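FYI, it's all coordinate maths here, none of it is from the lab. The structure presented is a predicted model; accordingly, all values stated were derived computationally and were not measured. FYI the Cβ positions are ideal-geometry reconstructions off the backbone, even for glycines, and counts take in every protein chain you see.
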Amino acid sequence: MEAMKTILAEDAHSAIVFNCHNGKGRTATAMVISVLAFWHFKGIPESSEDELVSVPDAKYTKGEFEIVMQIVRLLPDGHKMKKEVDLALDTVSETMTPMHYHLREIIICTYRQIKTAKSKKEMQLLQLRSLQYLERYIYLILFNTYLHLEKKDSWQRPFSVWMCEVAAMAGIYEILNQLGFLEFEEPEEMPLSRLCYRWLQHSSSSLPFRGEFV
């Protein structure tokens with residue numbers, strides 16, 4: 001955010017480029033974060049009622065998973081927080097090729113692939129990925145809420161600190177610690193629904209990591 005503020009102060013038409021290890025997935029996440037931050041600097045556009053969704057599983061391609069709606073109900077003006085994230089996701093998806101999934105779509109698409117997995121290892125990987133996509137979507141909604149609530153103080157408190165001091169007190173981590181697709185299964189039956197098991201997967205990665213886990 002500091003980099004964006006500095007760059008945009010020098011030239012409001014500056015372009016900001018993102019990439020990750022494979023040039024997909026987290027690149028889109030970073031783009032959505034930057035779009036949300038940019039809107040809070042310059043003004044949030046009015047969102048229309050039309051949303052980019054696929055016909056199959058339309059409810060879920062709109063991100064209306066039960067666990068997401070639990071988070072939304074906890075947050076101040078939560079439906080607005082989610083709607084602005086959805087608008088940012090739609091905005092970013094317009095820059096992508098047809099080969100890239102919209103984040104809201106890839107959550108349910110990945111989960112549906114679990115049934116056709118050819119091995120236990122593939123099934124576990126798809127379970128993890130679907131939960132990571134779901135968690136990523138939730139964190140974008142939380143980040144947008146942070147931008148709104150901390151704007152008055154120019155975001156002096158980092159998002160990671162806000163998560164510990166504000167979101168945790170509201171019970172967000174209790175929900176993230178029972179993460180799952182409540183419409184289809186019981187989280188208690190899946191070890192990966194627990195935060196500690198999902199973070200273990202991060203620690204086993206061979207890729208170098210820079211930054212700070214929230």
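Things worth noting here:
- Across all C-alpha atoms in the stretch 56-203, the radius of gyration and Dmax reach 15.8, 52 Å.
- GluC sites (Glu not before Pro) within the stretch 77-169, DSSP loop, no more than 15 other Cβ atoms inside 10 Å: 94
- Excluding same-chain neighbours fewer than eight residues apart, the lysines reachable from residue 5 by a Cα-Cα span under 27 Å are 24, 42, 80, 82, 83, 151, 152.
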